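> The structure's right below; bear with me while I get my questions together.
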Amino acid sequence: MMASLLAAVQDCASEWWVLSELTLGSWLWVGAVLALGTFVQRTTGFGMAVVGAPLILLKAPSLVPVVLVVYGFLVSCLVVRRYRREVAMTDISMALVGKVPGTLLGVWLLLVAPMATLEVMIASIVLFAVVVTLFKLRLPVNRSSLFGAGFLSGVFGAVAAIGGPPIVLLMHGMPMDRLRGNLAAFFLISSLMTLASLAAVGRVPLWLLGVSLSFMPMVVAGHALGAVLAPKLPRRLLQAASLTLCAAAALGLLIS
């Protein structure tokens, strides 16, 4: 019985590997990128998807955005658990409403836009995220701006799993713990919305989920390393390095 089960699991894994069209080198590349992204997010609070999307797109475009949405959801679960007392649904409800039509538009773009166009869009989204992080502009926070930020977050999240910058642009003036809790709650719910929308149009096949989960050890290692080193490393230096890496990857996509 056990032997039959192991054989069935092995057959599924082999089939998923073939369908993914990954080489060992590209699998290791994606794992390293996810570990780096998780490490950066743990040490600086900066988004894993902003680091991961342009770099994964270079070697394994078929995994974007699903692999990043999956791990964005899992990381958000951990953060919500830690900051659950800081979550205020009234702060994010209108953004979630705006997320719905934005996600639908983003999924439509994934279905109709050629890969070259998507690469330009993703590179542009990454550069937008870098600018938002650098300058931290202050915008009025009201129902209309939250709806608009949620709409843009939905588009960006469905196309590249980078739904954070529009929301961060509005909320970065909050106390840090409240910001972390609200952002994590928003990303947790919005990740489920994005996955459900992508699954509804056939963009989340079982093999893709299986391959995505194969990177779990790297993500756990990146998170653990970040937890150990976070108090010892200068946050500004790490953030500057990650922003430089993101911008370079995004510009590489645009040039290619």
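The values are calculated or read from the model by the stated rules, or taken from the named source; none is laboratory data. None of the values given here were measured: they were computed from a predicted structure. Don't worry about glycine lacking a Cβ; one is built from the backbone with ideal geometry, like all the others, and counts go over all protein chains shown. Accessible surface areas use protein heavy atoms only, side chains included; no ligands, DNA or RNA. Shrake-Rupley method; radii C 1.70, N 1.55, O 1.52, S 1.80 Å.
> So which residues in the stretch 101-120 are under 17 Å from the mean Cα position of the chain (by Cα) and at pLDDT 90 or above? It would help to see each step written out before you state the result.
We begin by selecting, within the stretch 101-120, every residue under 17 Å from the mean Cα position of the chain (by Cα); these are 102-103, 106-107, 110, 118-119.
If the condition is that a residue be under 17 Å from the mean Cα position of the chain (by Cα) and at pLDDT 90 or above, then Gly102, Thr103, Gly106, Val107, Leu110 are the ones that fit.
> Return yes or no: is Arg236 open to solvent by 60 Å² or more (accessible area, probe 1.4 Å) and touching a residue at least 12 places away in the same chain (Cβ under 8 Å)? Step through it out loud before you land on a result.
On the way: open to solvent by 60 Å² or more (accessible area, probe 1.4 Å): yes; touching a residue at least 12 places away in the same chain (Cβ under 8 Å): no.
In short, no.
> Oh, and also: State the number of residues belonging to the stretch 18-41 that are surrounded by fewer than 16 Cβ atoms within 10 Å (Cβ to Cβ) and farther than 13 Å from Ser214 by Cα. Talk me through it step by step, then tell me what you get.
Step one: filter the stretch 18-41 for residues surrounded by fewer than 16 Cβ atoms within 10 Å (Cβ to Cβ), giving 18-19, 21, 23-25, 28, 32.
Of the ones still in play, those that are also farther than 13 Å from Ser214 by Cα are 18-19, 21, 23, 25.
Total meeting the criteria: 5.
> Does Leu225 meet the test of being modelled with pLDDT under 95, assigned to a helix (DSSP H, G or I) and either of a type in the set (Lys, Arg) or open to solvent by less than 50 Å² (accessible area, probe 1.4 Å) (or both)? Working first, answer last.
Numbers: modelled with pLDDT under 95: yes; assigned to a helix (DSSP H, G or I): yes; either of a type in the set (Lys, Arg) or open to solvent by less than 50 Å² (accessible area, probe 1.4 Å) (or both): no.
For Leu225, the condition - modelled with pLDDT under 95, assigned to a helix (DSSP H, G or I) and either of a type in the set (Lys, Arg) or open to solvent by less than 50 Å² (accessible area, probe 1.4 Å) (or both) - is not met.
> Quick check on this structure: which one of Val159, Val126 is over 14 Å from Ser197 (Cβ atoms) and in contact (Cβ under 8 Å) with a residue 40 or more places away in the chain? Let's see the steps before the verdict.
Numbers: Val159 fails: over 14 Å from Ser197 (Cβ atoms).
Exactly one of Val159, Val126 is over 14 Å from Ser197 (Cβ atoms) and in contact (Cβ under 8 Å) with a residue 40 or more places away in the chain, namely Val126.
> Restricting attention to the stretch 165-181, which residues are under 18 Å from the mean Cα position of the chain (by Cα), farther than 20 Å from Leu78 by Cβ and open to solvent by 20 Å² or more (accessible area, probe 1.4 Å)?
Scanning the stretch 165-181 gives a single hit, Leu169.
> Could you please let me know if Ala95 is in a helix (DSSP H, G or I), modelled with pLDDT of 90 or more and within 17 Å of Gly157 (Cβ to Cβ)?
Details: in a helix (DSSP H, G or I): yes; modelled with pLDDT of 90 or more: yes; within 17 Å of Gly157 (Cβ to Cβ): yes.
In short, yes.
> Follow-up question, since we're still on this one. Would you confirm whether or not the stretch 48-64 contains a residue that is open to solvent by 30 Å² or more (accessible area, probe 1.4 Å) and among the basic types (Lys, Arg)? Outline the logic, then answer.
Start the filter on the stretch 48-64 by keeping residues that are open to solvent by 30 Å² or more (accessible area, probe 1.4 Å), which leaves 58-59, 61-62.
So of that shortlist, the ones also among the basic types (Lys, Arg) come out as 59.
Yes, the stretch 48-64 contains at least one residue that is open to solvent by 30 Å² or more (accessible area, probe 1.4 Å) and among the basic types (Lys, Arg).
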